[in-house]
1. Which members of segment 346-373 meet the condition of being assigned to a helix (DSSP H, G or I) and either among the small types (Gly, Ala, Ser) or buried (at least 23 other Cβ atoms within 10 Å of the Cβ) (or both)?
2. Considering only strands (runs of 3 or more DSSP E) fully contained in segment 515-599, which possess at least 1 residues that are free of Cβ contacts under 8 Å to residues at least 40 places away in the same chain?
3. Out of (1) within 23 Å of residue 182 (Cβ to Cβ); (2) in contact with a Phe, Trp or Tyr (Cβ under 7 Å, 6 or more places away or on another chain); (3) not in a loop (DSSP other than H, G, I, E, B), the odd one out for residue 85 is which?
4. Residue by residue through segment 1-28, note down the ones that are in a loop (DSSP other than H, G, I, E, B), modelled with pLDDT of 95 or more and in contact with a strand residue (DSSP E or B) (Cβ under 9 Å, 6 or more places away or on another chain).
5. Hey, could you check segment 32-61 for residues that are touching an Asp or Glu at 6+ places or on another chain (Cβ under 9 Å) and without any contact (Cβ under 8 Å) to a residue 60 or more places away in the chain and say which is farthest from residue 15 (Cα to Cα)?
6. Could you tell me whether segment 29-46 includes any residue that is over 20 Å from residue 111 (Cα atoms), acidic (Asp, Glu), modelled with pLDDT of 95 or more and in contact with a helix residue (DSSP H, G or I) (Cβ under 7 Å, 6 or more places away or on another chain)?
7. Name, by its number, the condition in (1) within 20 Å of residue 138 (Cβ to Cβ); (2) assigned to a loop (DSSP other than H, G, I, E, B); (3) among the β-branched types (Val, Ile, Thr) that does not hold for residue 101.
Amino acid sequence: MKKTKSAQKKQLLSGNEAIARGAYEAGVRVASGYPGTPSTEILENFSLYKESYSEWAPNEKVALEVALGASFAGVRALATMKHVGLNVAADPLFTSAYTGVRGGLVIITADDPEMHSSQNEQDNRNYAFAAKVPMLEPADAAEAKEFMKTAYDMSEKFDTPVLLRTTTRVSHVKGLVPIGRVKTSKGKPGIEKMPQKFVMLPANARKRRVVIEQRMQDLTEFAETFSENRIERGDNKIGFITSGISYLYVKEAFPEASVLKLGMVYPFPEKMIRHFARSVKKLYIVEELDPFIELHVKAMGIECTGKQRVPAYGELDSLKVRQAITGKKGKKLYEAESIPLRPPNLCPGCPHRGIFHSISKLGLFVAGDIGCYTLAALKPLSALDTCVCMGASIGTAFGMEKALGKDSLGKIVAVIGDSTFMHSGITGLLDIVYNGGFSTVIILDNRTTGMTGHQPNPATGMTLSGETGTTVDIEALCRAIGVKHVYDVNPHDIKATEKVLRRETAREEPSVIITKSPCVLLPEMKKRKNKPLYGVITENCTGCRMCLKIGCPAIEWVPLNEKEALSLGLKPKQKGHSRINPVLCDGCSQCAPLCKFNAINLVKDRDG
């Protein structure tokens, strides 16, 4: 079938792909971010547009500062991050509201209702209110692309950074997105000295504070005529004020109702809200997470119903919205099938498994961090005792040391990944050295940012664009900070690793153990030839289950009854035996030393 002209101008894109396309069409020239679900794919897709510069920064604060610098140089710039990343970038965010921009600056905050891959469920609309910057919130992929272009126009018109909020559903939803032309830059990039605008000494900041208040008044007036703040008339018995993905849920649940859709969720079009509220008999506010719109509407003296009925946590959907408003239980269009639980687990051959098995065996208290290694908190490893935020493991361990004194010797370790160490772990280690601590820090160097999809970081020697860069020498860096005792270990060698762990956790000086082994999912690891294969000699297996304690998905337990045990030459009372799945086995060798009965051995022929 021949494509129509209109169909040829559209592409099926996810929300994140659409945001990247919107940035490209808006003429963005510099983009910086830190990977974090659900935002990661934005920068990965934007990097495909080779006319512009894009990078993974060491952390979100640096990413925003890079984007802000590009804006100061007169070009349009983008900073991307997930919701907790904006906490890291909050320092430059708040002051950038004072400096304003030259080239347009947009900051993506990708919120994660339901905490699909996050440690909290914060609502970053509150940042717009606190920092006094405008925020847009698209409802689908097509809006996401167009809102990006709108955001840059707003940024330059009102001399302000603009926050664009997405949520997990908007980030990952697929939709037909119209493809437009790329905006050409109006002016030439260049350096322009503007100290009264860009140097936030108190004398200058006080003047800029007045500018912010005037800007907010101007933006509030602009909100009244902003085309993405719109009233959709329906039955006046019931009306909804909503935004983002919640708008789609409302339209599905109550297609007959009147709706005020807010494309700009801050500042608010107060006149429009009052007019809409007067036009309906009953007003509801439907929004995910905090009662952000609801509180502001109530502060205007308008009677409305929101979180009294609509949940203040987790994701919404059309069924939840309808049930919350009507109080009647409904039925989903498609009921979920009952399937076996599949708990997350470290991959077969994961280098982290060996170190966590050793840690668990020694009974150490583990101050953990953010990464795929956080899965070590789950059974059977059960080897992670805290997890707060990026980089917190080192400071947490040191704080416990200072609280307990020498009683903590040999009892506490901090565990952090290589990318997370680059993100925000270095300063924590510096604190230990500077303030005379003796904590042991384990840096899990698997040569990638594994949790978010194998993005490069400063320790990998590769950039976002695929170019070879300078590789940070973690060992040399630790020694430069002042750590005298730094040791590399192979985490697959459990006995040697355990020996180093015992020695360093008992040391009354700071020490760093670097576990060096690539992530098994890296392309070069997948392409390995002649990978070792391990198997179980069934007649040697006593059913002690010691090998299961390492939690490798390749090691399976085969239950047996008395007759089956006898047929295999096992003791009648043996309830089963272990088996290694040859498809899943990565040949890491971690399991073999665990068996005291020589039941796990190297199999010479992987295909046999």
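1. Filtering segment 346-373 for residues assigned to a helix (DSSP H, G or I) gives 351-362, 372-373.
Selection gives 351, 352, 353, 354, 355, 356, 357, 358, 359, 360, 373.
2. Values: elements: 533-536, 555-559, 576-580.
Ranges flagged: 555-559, 576-580.
3. Checking residue 85 against (1) within 23 Å of residue 182 (Cβ to Cβ); (2) in contact with a Phe, Trp or Tyr (Cβ under 7 Å, 6 or more places away or on another chain); (3) not in a loop (DSSP other than H, G, I, E, B), the one that fails is (1).
4. Initial filter on segment 1-28 (in a loop (DSSP other than H, G, I, E, B)): 1-4, 9, 26-28.
Next, from what is left, pick out any that are modelled with pLDDT of 95 or more: 26-28.
Of everything in segment 1-28, those that are in a loop (DSSP other than H, G, I, E, B), modelled with pLDDT of 95 or more and in contact with a strand residue (DSSP E or B) (Cβ under 9 Å, 6 or more places away or on another chain) turn out to be 26, 28.
5. 61
6. Initial filter on segment 29-46 (over 20 Å from residue 111 (Cα atoms)): 29-30.
From what is left, the residues that are acidic (Asp, Glu) are none.
Within segment 29-46, not a single residue is over 20 Å from residue 111 (Cα atoms), acidic (Asp, Glu), modelled with pLDDT of 95 or more and in contact with a helix residue (DSSP H, G or I) (Cβ under 7 Å, 6 or more places away or on another chain).
7. That leaves (1) as the condition not met.
This table checks each residue for (1) on the phi < 0 side of the Ramachandran plot; (2) in a helix (DSSP H, G or I); (3) at pLDDT 95 or above; (4) touching a strand residue (DSSP E or B) at 6+ places or on another chain (Cβ under 7 Å).
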site	(1), (2), (3), (4)
380	yes, no, no, no
395	yes, yes, yes, no
398	yes, yes, yes, no
406	yes, yes, no, no
413	yes, no, yes, yes
428	yes, yes, yes, no
432	yes, yes, yes, no
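The values are calculated or read from the model by the stated rules, or taken from the named source; none is laboratory data. Note that the structure is a prediction, hence the values are computed from the model and not measured. Because the Cβ atoms are built from the backbone with ideal geometry, glycine has one as well, and the counts that use them run over all protein chains shown.
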